[in-house]
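As structure tokens, the structure follows; a few thoughts come after it.
Please treat every number below as a calculation from the coordinates, not as lab data. Small disclaimer: the values here were computed from a predicted structure and weren't measured. Glycine gets a Cβ as well: all are built from the backbone with ideal geometry, and neighbour counts include every protein chain shown.
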Amino acid sequence: MKRIILLLISIFIIAYGCNDDILPADSALENGTLKNAEVKMVPIKGEVFNHFYGEHPDYGTMSGFLSHVGILNETESTWKSVDDGDGSPLTISKDIVFCAANGDKLTGRWDGMFISQTELEGIMFFEGGTGRFENASGQTTANGYIVIDGGKLIGMYLAGEGEISNVGSGK
């Protein structure tokens, strides 16, 4: 986990050091609305339970609550395991879609690892979405545990806190 944090800090320092004059101008930045838009990071926290689909532990739905999203729409809030190329059974990556009651979706990716037989720790990266989450970005720690009932894996509980860019109003 320390290596991941150090890697993220290193990437941030390198990206921060880039000079704007070196990079080509993005035509979208010339839009006056985007130029004047203030990006502000605000706290986000929540708890979710990832439900596994019986015989298919590689995807499922989620229930729970996430600030700025509210109570999750269980049928539209989904997760799907992603092959991270690591090959290690101790690491896990999941593409996540959090769906608000009004249908706006916040998308992201959770990268984590087992720290014991049932405990997990990881980082959720927010990567946009639809409606008021269209340009959302940020990250949060998201730690938890897997839930086993009668020897069968039924889900994964995660709780987290972090920051997300200010989200717009619904469209």
(request) For region 69-161, build the charge dipole from Cβ charges (+1 Lys, Arg; -1 Asp, Glu) around the Cα centre, then report which of Thr91, Thr130, Thr118 sits farthest towards its positive end. (result) Thr130
(request) Filter the cross-link list Lys45/Lys105; Lys94/Lys152; Lys40/Lys80 down to pairs whose alpha-carbon distance in this structure exceeds 26 Å. (result) Lys40/Lys80
(message) How far apart, in nanometres, would the label points at Lys45 and Ile148 be if each is projected 7 angstrom from Cα along the Cα-to-Cβ direction?
(response) 3.1 nm
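From the mean inverse distance of alpha carbon pairs (Kirkwood) and the Cα radius of gyration, derive Rg over Rh for region 92-171. Spell out each step's value before the answer.
On the way: Rg = 14.3 Å, Rh = 13.6 Å.
Rg/Rh: 1.06.
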